[in-house]
Amino acid sequence: MLRILIAGALWLTLGFSHLSAEERADVREKSRSHAQSLVVPEDPNGNTSVISDLEFSSDSKMLAVAYGRFRGFLQKPDPGQTIVWDVVSGKRLAMFDSYQDGVSSVDFSKDGKLLATGSYDGSVQLWRVKDWSRQARIELDSESVTTLDFAPDSTSIAVGTMVWEEDSLKPNLHLYQVATGREMKSLRCPADDVVGVQFSLDGKSLVCAGMRGVVQVWNVQTGTSRTILQSDDLMLFSMAVSHDGQLIAAGGSPFQYKHKKWQIQIWDTESGKLKQDKTETGGMLSSVRFTPDDRWLVIASRQCKVKLWNLSTSQNIELSQPGIEIAVSPDGKLLALAAESKVAILDFEKLINEK
């Protein structure tokens, strides 16, 4: 038996050594549990180096990435695109380019059947994962879509928008029925630009963050709200709700520091009390995400610096890998960091254990 094992090992070694460098690299790549990086092909519209959002599928096997700048009325828009990648092989599964402006947001439904994409051109499109055909296209009246989130039961979707100052009384938070694309409810967050929206675990509440320092919790059924934060000093850029629904994290930059510092505040969802806060130098904050176990908060800034913050021990880990936009896989194993045209996919447990 020992001779058989030795002979087998020798055959594998010699066999591998006779492969070309390209073939050996392919064997090593296939032995990994996930692709190491994803690079978008060159985009003739100039949106290649602008990644605005990324999101893992519910089974952690796919990653959707949104590309494109916001042009609005000031310049001719550059149509954005969305690409869906296979996390293991790094292959492109689908690419959508039916947008008149940049793509701002992507989200997979919790049942894994749909992908939603939101664009600054004022459209939300729902795509069937089984064949990547389009199920619905929702057009918003003169509003740019900035963020979206599927309800836990995947039957409805919340859409946050940007409205112009002259339309300051218009709703900027909308609920749509997924099956028909029909609007179910429209609400008004007291901030022109909605930067984050997320359903509660039971789908009965909706947390909304506005750029002008506003965080609110809405009752989906009654359309009433309670305010968690209202600050004239803090400009918010990102918001996340913990997976157990007990915490809300929102981050941005204080006005008086002219974006040379970023700040994160964490509140208790039920009581609205401030639990923790953190202020550091490093330019504007761009993204915050809870890990699935809610032990860590992943923080990215516009300077491409990424930090892991342990909420129970206050341990901080600064990553060497750059990132502006971030996503954490639902199984907690992977961290995706986007910077310019590249998305790096990292092993989360290894990042923690290396420090």
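The values are calculated or read from the model by the stated rules, or taken from the named source; none is laboratory data. Bear in mind the structure is a predicted one, so any value in this text is a computation, not a measurement. For the accessible areas, the whole protein counts, side chains as well, though only heavy atoms, and no ligand, DNA or RNA atoms are used. Shrake-Rupley method; radii C 1.70, N 1.55, O 1.52, S 1.80 Å.
Where Rh is the Kirkwood radius over the Cα pairs of region 155-230, the temperature 10 °C and the viscosity 1.306 mPa s, what D in µm²/s does Stokes-Einstein return? Write down the numbers at each step before the final one.
On the way: Rh = 12.4 Å.
For these conditions, the coefficient is 128 µm²/s.
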**Study point:** Sequence of 284, 162, 95 from largest to smallest accessible area, 1.4 Å probe
**Key:** 95, 284, 162
Practice item. Go through region 309-317 residue by residue and turn each phi into a ³J(HN,Hα) via Karplus (6.51, -1.76, 1.60, θ = phi - 60°); whole Hz please, and just put x for glycine and proline. Key: 10, 7, 6, 8, 9, 6, 5, 10, 10
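What do you get when you divide the Cα radius of gyration of region 72-145 by 2.2 N^0.38 Å, with N the number of residues? Numbers along the way, then the final one.
On the way: Rg = 12.9 Å, N = 74, 2.2 N^0.38 = 11.3 Å.
Cα-based Rg divided by the globular estimate yields 1.15.
Report, to the nearest whole %, how much of the accessible area of region 219-312 belongs to carbon and sulfur atoms, 1.4 Å probe, protein only.
The value for region 219-312 is 44 percent carbon and sulfur by accessible area.
If you roll a 1.4 angstrom probe over the protein chains with everything in place, what fraction of the accessible area of region 124-189 belongs to carbon and sulfur, to the nearest %?
Details: 1380 of 2970 Å².
About 46 percent, which is the carbon plus sulfur part of the accessible surface.
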**Study point:** ³J(HN,Hα) computed for each position of region 327-339 - Karplus, 6.51 cos²θ - 1.76 cosθ + 1.60, integer Hz, glycine/proline x
**Key:** 8, 10, 5, x, 7, x, 8, 10, 10, 9, 10, 10, 8
Practice item. Return a whole-number percent for the relative contact order of region 116-275, with Cα pairs under 8 Å and 6 or more residues apart as the contact set. Key: 12
Practice item. Step through the residues of region 278-293 one at a time and calculate ³J(HN,Hα) from phi using the Karplus curve (6.51 cos²θ - 1.76 cosθ + 1.60, θ = phi - 60°), rounding each to whole Hz and writing x for Gly and Pro. Key: 8, 10, 9, 6, x, x, 6, 6, 10, 7, 10, 8, 7, 6, x, 8
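Just the accessible area per residue of region 210-322, please: how many Å² with a 1.4 Å probe? List each step's numbers first, then the result.
Values: 5240 Å² over 113 residues.
Roughly 46 Å² per residue, with all protein chains present.
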Review point. With every protein chain present, what is the per residue accessible area of region 111-175 (1.4 Å probe, Å²)?
Key: 39
Exercise for review: Would you mind computing Rg(Cα) / (2.2 N^0.38 Å) for region 99-222, counting N as its residues?
Suggested key: 0.98
Review point. From largest to smallest, what semi-axes in whole angstrom does region 157-295 give when each is the square root of 5 times an eigenvalue of its alpha carbon gyration tensor?
Key: 24, 19, 13
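For a 25 Å ceiling on Cα separation, which of these pairs sit above it: 260/307; 305/350; 91/333; 110/130; 130/307?
Values: 260/307 17 Å; 305/350 18 Å; 91/333 19 Å; 110/130 14 Å; 130/307 36 Å.
Beyond 25 Å between Cα atoms: 130/307.
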Check your understanding: In Å, what is the Rg of the alpha-carbon atoms in region 121-182, and how long is Dmax?
Key -> 12.4, 42
